[in-house]
Amino acid sequence: MSLLTEEIRAALTDKINLVKAAFLPKYFKAIPGGYGEGDFFMGISVPDQRAVAKDFFKEISLPELSELLKDRFHELRMTALLMLVYKYEKLKEDSARKELVEFYLAHLDGINNWDLVDSSCHQILGHYFFKRDKNLFYEFADSGNLWKQRIAMISSFFWINKGEFSDALALAEKLLNHPHDLMHKAVGWTLRVIGDQDFNVEYEFLRKHYQSMPRTALRYSIEKFPEEMRQDFLKGRI
């Protein structure tokens, strides 16, 4: 471990909360049979991780980030991802962005819980592939790997916020009946974000699919609907 990564570890260690450390494994299902099984937690809040990431992201190298992304502690991997996002957001050249995208894709093994995915993929992959071929995301959707599938769905948030919905809708349709609740939430959340931009686009998608889609996905997607309309969807009256 380099001197800098040791310094980052020490900065995070100063923020440890033992009550949070006991709670987080249950929250992130890092328990036998859970989707986060085998993960370890120090007990550090996300705001504290962001503060540390902002202090160190300019000077840290990719080999040092790689070191952190392979660490057993969740918070070290999260802090590394936050630093990677901050680095990416400062870049102006596509060649430099491409290097960070390739780095991200080479470290997917360490991006293995929903918060790690959600805090990084749309800012990096979503941004980079906005005007590029999106076959990667369809491959991820078909991979059978929960975290790659969530990356495929959540990366689309960047495109949605730019007013482009077609790939997000196609991925949502592909993942609509995924067996895992985490994907039901991701799909529903995606549809809700689309609705924030264009209500009619979300409404037409739901009108076509709402009777067969998982209940959790439906509830997430219609959360902001007027109550009467929300009940019409829930009770099958559309």
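Looking at 151, 124, just one residue is within 16 Å of the chain's Cα centre (by Cα), among the β-branched types (Val, Ile, Thr), more than 21 Å from residue 30 (Cβ to Cβ) and at pLDDT 95 or above, and that residue is 124. Every residue in the range 119-131 that is over 14 Å from residue 166 (Cβ atoms) and either out of contact with any helix residue (DSSP H, G or I) (no Cβ under 8 Å at 6 or more places or on another chain) or β-branched (Val, Ile, Thr) (or both), please. Matches in the range 119-131: 124 only. Could you please let me know if residue 45 is hydroxyl-bearing (Ser, Thr, Tyr), without any contact (Cβ under 8 Å) to a residue 12 or more places away in the chain and either touching a helix residue (DSSP H, G or I) at 6+ places or on another chain (Cβ under 8 Å) or farther than 24 Å from residue 180 by Cα (or both)? Taking the combined requirement at face value, the residue does not satisfy it. Confirm whether residue 42 is of a type outside the set (Gly, Ala, Ser) and part of a helix (DSSP H, G or I). Judged against the criteria, residue 42 is not a match. Scanning the range 60-98 for residues that are of a type in the set (Ser, Thr, Tyr) and over 14 Å from residue 124 (Cα atoms) yields a count of 3. Selection over the range 42-59 of residues that are farther than 15 Å from residue 10 by Cα and crowded, with 20+ Cβ neighbours inside 10 Å gives a count of 1. Based on this model, can you work out whether residue 101 counts as in the same structural domain as residue 23 (by TED's automatic domain parsing), part of a helix (DSSP H, G or I) and under 13 Å from the mean Cα position of the chain (by Cα)? So residue 101 fails the test. When the residues of the range 9-39 are narrowed to those that are assigned to a helix (DSSP H, G or I) and under 23 Å from the mean Cα position of the chain (by Cα), which ends up surrounded by the most Cβ atoms within 10 Å (Cβ to Cβ)? Step by step, filter the range 9-39, then rank; the result is 12.
The values are calculated or read from the model by the stated rules, or taken from the named source; none is laboratory data. Since the structure is predicted, the reported quantities are computational estimates derived from the model, not experimental observations. Glycine also receives a Cβ, built like all others from the backbone with ideal geometry; neighbour counts cover every protein chain displayed.
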